[in-house]
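To keep things clear, I will list the structure first and then write my remarks on it.
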Amino acid sequence: MRYPQTFLDDLKRQADIVRVVGDYVQLKKKGANWMACCPFHKEKTPSFSVSPAKEIFYCFGCHKGGSVFNFVMEMERVSFPEAIKLVAEKSGVPLPKLIDDSRFEARRNEADAVIELNKWALEWWEQQLESSGEARIARDYLNRREITDETRKTFRMGYAPDSWDALSIHLRQKGATQDQIERSGLVVKKEEGGSYDRFRGRLIFPVMDIQGKPIAFGGRTLRDEDAKYINSPETAAYVKGRNLFGLNLTRDEIRRAGFVILVEGFLDLIVPYQFGVRNVVASLGTALTPDQARLVSRFARKVVVNYDGDNAGVQAAKKAIAILLAEDLEVKILVLPDGSDPDEFIRKSGVSEYQQQRGLAQPHIQFVIDQAVRDRKLSNPADKEAAIDEVLPYIHAVRSRLQKHEYFDIAMDSLRIVDASLKRELWHSIRQGTGEGARAGESAKTTIKRAAVKPTVAEIQLLELLLDDETVRRNILPKMEPADYEDLPTASIFRAIVAIENEGAGVDFGRLSSLIDETDSAAELLPMLLMGDAAPDNENQDNVRPKAEKCLDALRLMNINGKIRELHAEISEAERAGDETKLVRLSVEYSELNRLRKSFEPQSQIAQAENA
Ligand SMILES: [Zn+2]
């Protein structure tokens with residue numbers, strides 16, 4: 001079901017973004033825009049602005065931005081349809097009846113069908129745990145873990161009987177077809193046809209989405225010889241790494257507390273929750289993903305990572321740090337005494353002792369340094385270098401420049417680096433974002449690389465001009481080729497502008513966002529680019545086009561420089577290999593590129609600003 005398009009168009013026209021936003025924050029008129037202190041981050045001077053003309057909001061501090069619907073979604077933590085309802089109410093536009101859209105329905109149906117079967121399975125498993133004789137083993141296990149009936153019911157735990165088909169039979173009796181059962185992931189398909197129940201003789205933990213619908217399950221064995229946990233496969237309702245266990249129950253407490261404790265397993269969340277520590281989420285077995293970090297960042301800006309104290313836990317924590325820093329979150333690490341996990345520790349030592357330990361959690365940089373100097377002698381140059389290499393990527397990944405500097409100083413002190421020129425060099429290497437010589441965990445490196453892909457000044461200016469000015473679009477776009485932007489992080493925005501121009505339509509936020517995949521990080525830049533003032537209204541029109549042309553030249557020059565850098569590497573490789581024929585070919589290419597580069601010389605100033 002969805003709203004009719006005519007209603008949505010109507011609402012977009014009638015919804016006054018200034019009025020809706022003004023319900024939440026105190027707006028002050030400034031030029032064509034309205035300004036306020038941002039409701040999404042702490043600040044004393046306003047950097048949050050609303051443009052009634054462009055129908056968008058944008059914060060120059062935390063870079064949140066979008067339409068009036070995005071604002072309400074963010075503010076009220078609601079889904080898009082719910083935001084539509086709220087905006088309609090605030091704008092006095094009457095809500096129409098929902099209509100059926102068969103294509104939309106089809107997509108939705110598949111996920112709904114899986115959730116429906118999950119609900120049936122879960123209710124049945126809950127009954128089994130409550131009352132079946134066979135489930136005594138599971139009830140005993142919960143008693144040993146001091147898990148109360150109330151907690152068991154809150155988290156809707158269940159017991160899957162030790163049978164190949166008991167659940168399948170139950171689902172069929174409820175009316176499910178074999179096809180639906182197979183698509184639900186509740187069974188394992190057999191090669192020769194047919195299927196058998198996936199979870200057998202296990203304690204069941206349902207994984208809920210944020211609305212509390214069961215989308216997947218984890219099953220813990222109650223016999224020692226078996227795999228400890230098995231989990232649902234991906235289905236139409238469940239994509240691994242997109243959800244966090246417990247968030248449907250803990251989101252409000254997380255927002256109240258202003259920080260979230262990140263743990264690994266089901267019981268690491270359930271036991272603290274039972275004892276009153278309720279600002280917790282669990283990443284569930286798999287390593288923390290960027291999607292999960294983004295989900296966390298919607299509810300709190302500070303994260304305390306509380307993984308197991310063993311070596312695997314420490315390595316997982318280091319990976320999590322890199323992922324969380326890339327989302328601009330403040331990260332602390334809590335390692336409990338004797339390598340305990342939160343579940344054990346709280347049952348053994350009590351909740352106040354746990355809270356005390358939590359208060360002692362280390363800033364991420366201290367944790368990383370401790371790990372790097374452990375088992376190394378800083379008096380040994382090779383050891384010292386290795387330790388530096390291990391630490392630097394984690395400073396590099398910090399987004400705030402001020403914090404980055406603070407962490408850098410801590411690291412230099414702890415690693416006993418006193419030489420001023422070496423310090424300068426190291427600071428330069430992290431600030432520039434080359435990260436060369438940094439050899440931390442592979443995933444940390446990848447994350448840092450991803451975080452380092454930032455659009456250049458020339459690219460941003462050109463986009464701002466293209467978005468702002470129809471004449472610029474008409475004059476510049478025909479001169480551009482896909483090769484000019486295809487390798488840029490903002491390629492999708494350029495493509496969208498070209499597509500809209502070809503349609504002959506007007507460039508606006510709604511149309512642009514509909515053309516850019518929402519998982520593309522470039523989509524987040526749109527509000528900033530639309531708010532940009534590369535071409536202030538009072539600027540002489542004659543200056544705007546040359547400005548855009550200069551930016552385009554700068555982009556092309558950057559492309560050439562990039563190719564030359566690659567060629568350099570290829571040439572030294574060929575030299576080392578003694579490949580004369582290749583060397584000749586490469587040096588021809590090199591002189592051509594060089595000649596091309598010279599033709600851009602007058603624009604070198606912009607090119608120098610490329611890394612600013
Ligand atoms: Zn902000």
### Task
For the chain, just the Cα set please: Rg and Dmax, both in angstrom.
28.2, 85
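Normalised by the residues of region 1-81, what does the relative contact order come to in percent, with Cα pairs under 8 Å and at least six apart?
Details: 100 pairs, mean separation 16.3, N = 81.
The normalised contact order for region 1-81 reaches 20 percent.
Counting only trypsin sites (Lys or Arg not before Pro) that sit in a DSSP loop (anything but H, G, I, E, B) with at most 11 other Cβ atoms within 10 Å, what is the longest stretch of the chain containing none of them?
Working: sites that count: Lys42, Lys44, Lys97, Lys190, Arg223, Lys228, Arg374, Lys377, Arg416.
My reading of the result: 417-612 is the longest stretch.
Would you mind estimating how fast region 176-223 diffuses translationally, via Stokes-Einstein at 20 °C and 1.002 mPa s with the Kirkwood radius over Cα pairs, in µm²/s?
Working: Rh = 12.1 Å.
Translational D for this selection: 177 µm²/s.
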#### Entry: Whole-number percent relative contact order across the chain, with pairs defined as alpha carbons under 8 Å at least 6 apart
8 percent
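Of all the C-alpha pairs in region 87-224, what % are more than 22 Å from each other? Don't skip to the end; give the middle numbers.
Values: 4472 of 9453 pairs.
Value for region 87-224: 47 percent of Cα pairs lie more than 22 Å apart.
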### Query
Is region 472-589 best put as rounded, prolate or oblate by its Cα gyration tensor, with a ≥ b ≥ c the root eigenvalues, rounded for a/c under 1.5, and otherwise prolate when a/b is larger than b/c, oblate when not?
prolate
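Nearest 500 deg cm²/dmol is fine: what mean residue ellipticity at 222 nm does the chain get from its DSSP H runs of n ≥ 4 alone, each adding -39,500 (n - 2.57), divided by its residue count? Write down the numbers at each step before the final one.
Numbers: 29 runs with 332 residues, N = 612.
Calculated at 222 nm, the ellipticity per residue is -16500 deg cm²/dmol.
Over 22 Å between C-alpha atoms is what I'm after, so list which of Lys30/Lys547; Lys213/Lys240; Lys90/Lys213; Lys119/Lys228; Lys318/Lys384; Lys302/Lys377 land there.
Working: Lys30/Lys547 26 Å; Lys213/Lys240 16 Å; Lys90/Lys213 29 Å; Lys119/Lys228 24 Å; Lys318/Lys384 19 Å; Lys302/Lys377 33 Å.
Distance filter (> 22 Å) returns Lys30/Lys547; Lys90/Lys213; Lys119/Lys228; Lys302/Lys377.
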### Query
By how many degrees, between 0 and 90 and to the nearest 10, does the Cα long axis of helix 102-131 differ from the longest principal axis of the chain?
30 degrees
### Message
If the reach is capped at under 19 angstrom between alpha carbons, list the aspartates and glutamates near Lys348, excluding any in the same chain fewer than eight residues apart.
### Response
Asp140, Glu146, Glu264, Asp268, Asp308, Asp310, Asp338
### Query
Along the positive direction of the dipole of region 251-328 (beta-carbon charges: Lys, Arg +1; Asp, Glu -1; about the Cα centre), which of Ile321, Ser297, Leu267 reaches farthest?
Ser297
### Message
Can you tell me the orientation of helix 80-91 relative to the chain, as the angle in degrees between its alpha-carbon axis and the longest Cα principal axis, to the nearest 10?
### Response
70 degrees
### Message
Compute the distance from the alpha-carbon center of region 64-80 to that of region 384-422, in whole Å.
### Response
37 Å
### Nearest 10 degrees, 0 to 90: helix 420-432 Cα axis against the chain principal axis
80 degrees
### Message
How long are the semi-axes of the equivalent ellipsoid of region 357-425, defined as square roots of 5 times the Cα gyration tensor eigenvalues? Whole Å, largest first.
### Response
20, 17, 10
### Message
My understanding is that a pair violates if its Cα-Cα distance is over 29 Å; which of Lys12/Lys550; Lys42/Lys550; Lys54/Lys550 do that in this structure?
### Response
Lys12/Lys550; Lys42/Lys550
### Query
Taking θ as phi - 60°, what are the ³J(HN,Hα) couplings along region 402-411 by the Karplus curve (6.51, -1.76, 1.60), each to the nearest whole Hz, with x for Gly and Pro?
5, 5, 4, 5, 4, 5, 4, 4, 4, 5
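Quick check: residue separation of Asp162 and Thr148 times 0.36 nm, minus the Cα distance between them. What number comes out in nm? Write out the running numbers ahead of the final one.
Values: separation 14, 0.36 × 14 = 5.04 nm, distance 2.37 nm.
Extra length from Asp162 to Thr148 when fully extended: 2.7 nm.
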### Task
Return the aspartates and glutamates within reach of Lys404: Cα separation strictly under 14 angstrom, same-chain partners fewer than 8 residues apart disregarded; answer none if there are no such residues.
Asp328, Glu330
### Summary
Mean projected area, convex hull of alpha-carbon positions in region 1-103, reported to one decimal in nm², is 7.0 nm²
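Read-outs throughout are calculated quantities, based only on the coordinates presented, and are distinct from any laboratory measurement. Remember, it's a predicted structure, so these values are computed and weren't measured experimentally. Cβ atoms come from the backbone with ideal geometry, glycine included; neighbour counts cover every protein chain shown.
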